[in-house]
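The values are calculated or read from the model by the stated rules, or taken from the named source; none is laboratory data. These numbers come from a predicted model, not from an experiment. All Cβ positions, glycine included, derive from the backbone under ideal geometry; neighbour counts span all protein chains shown. Heads up: the accessible areas ignore ligands, DNA and RNA and are worked out on the full protein's heavy atoms, side chains in. Shrake-Rupley method; radii C 1.70, N 1.55, O 1.52, S 1.80 Å.
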Amino acid sequence: MSSRALFFFALLAFSAVSCFAENEEEPGLVMDFYKDSCPQAEDVIREQVKLLYKRHKNTAFSWLRNIFHDCAVQSCDASLLLDSTRRSLSEKEMDRSFGMRNFRYIEEIKEALERECPGVVSCSDVLVLSAREGVVRLGGPFIPLKTGRRDGRRSRAEILEQYLPDHNESMSTVLEKFADMGIDTPGLVALLGAHSVGRTHCVKLVHRLYPEVDPQLNPDHVGHMLKKCPDAIPDPKAVQYVRNDRGTPMIFDNNYYRNILDNKGLMMVDHQLATDKRTKPYVKKMAKSQDYFFKEFSRAFTILSENNPLTGTKGEIRQQCNVANKIHD
């Protein structure tokens, strides 16, 4: 065999080994990622969520909000959970994160996992799976999800507003930001159905009440909103809020869509969802069918949970979810 032919076969073999190594190194997200390394991981998360929900039912809203605020900002890498340092500001301290709380319960779940399988389960997977279990606790669908995410080492606070839609932005902007994650119009409408539960702080809605009441609001709902938000400039630290859904505030259901079609949406994004010609048909369809809402929510939730994760050898498995691991030289 000529030296040229030998060189060709050697190069081919090297390429095959390189590709194999690359595939081994970056397996991506898979179902039941922890089946060998920590087979009880998802059960531990589920049980912890049950216990915490029994103690503090509002935690379920926090877990649900966590996945959106983390995964929508470039990557599902638990960057949201990182505390501020001398070099970087935490995403938790940004205006778009106003009202977010209960992060300590993520730490409780992580501590339970560390007792079972030290250094195995990422905070990113804890964040995603606790959100899923929170939906179940509230009466929503169980969503099978892939795992194997790893944790980022830096806050994304400086780019947060580029990715995370604001409640006062135009529907075109909101649709565009969701589309960038691969989430289509019915998916967007379904994800905003998370407003079926939880509450909105008066800071986020007083512009619809003062100095004049937004004429697009249902007059029957205005009195309640004014009672809950009596100040034109509310104290951000005060417990002043309106339940997103007065009828079934603790149940994840399609009542939200009936409310916004009746002009009872609290924030501008809720109102736009029910009136924009691109989204209204899906709002009406979800108002009529909870099964359709759950189906579209599950699909969009899955896409959101798989947005540009760190896998394989990228990132790390944090020991504590609020701080990156120390690097030892």
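The condition of being in contact (Cβ under 8 Å) with a residue 24 or more places away in the chain and in a loop (DSSP other than H, G, I, E, B) holds for only one of 253, 270, 235, that being 253.
Only one entry of 155, 172 meets the criterion of being in a helix (DSSP H, G or I) and among the polar types (S, T, N, Q), and that entry is 172. In this structure, residue 132 does satisfy being basic (Lys, Arg), within 16 Å of the chain's Cα centre (by Cα) and within 30 Å of residue 35 (Cα to Cα). Residue under question is residue 215, and the condition is that it be without any contact (Cβ under 8 Å) to a residue 60 or more places away in the chain, open to solvent by 50 Å² or more (accessible area, probe 1.4 Å) and out of contact with any Gly (no Cβ under 9 Å at 6 or more places or on another chain); does it hold? Yes, satisfied. The single condition among (1) without any contact (Cβ under 8 Å) to a residue 40 or more places away in the chain; (2) open to solvent by 50 Å² or more (accessible area, probe 1.4 Å) that residue 241 does not satisfy is (1). The condition of being in a helix (DSSP H, G or I), buried (at least 22 other Cβ atoms within 10 Å of the Cβ) and more than 16 Å from the chain's Cα centre (by Cα) holds for residue 52. In the range 182-212, the qualifying residues are those that are open to solvent by 10 Å² or more (accessible area, probe 1.4 Å) and among the charged types (D, E, K, R), and the one that is farthest from residue 286 (Cα to Cα) is 212.
Please determine whether any residue of the range 284-293 is in a loop (DSSP other than H, G, I, E, B), touching a helix residue (DSSP H, G or I) at 6+ places or on another chain (Cβ under 8 Å), open to solvent by less than 60 Å² (accessible area, probe 1.4 Å) and polar (S, T, N, Q). Taking every residue of the range 284-293 in turn, none turns out to be in a loop (DSSP other than H, G, I, E, B), touching a helix residue (DSSP H, G or I) at 6+ places or on another chain (Cβ under 8 Å), open to solvent by less than 60 Å² (accessible area, probe 1.4 Å) and polar (S, T, N, Q).
Within the range 90-98, is even one residue at negative phi, assigned to a loop (DSSP other than H, G, I, E, B), at pLDDT 90 or above and open to solvent by less than 50 Å² (accessible area, probe 1.4 Å)? Within the range 90-98 (the criterion being at negative phi, assigned to a loop (DSSP other than H, G, I, E, B), at pLDDT 90 or above and open to solvent by less than 50 Å² (accessible area, probe 1.4 Å)), the answer is yes, since at least one residue qualifies.
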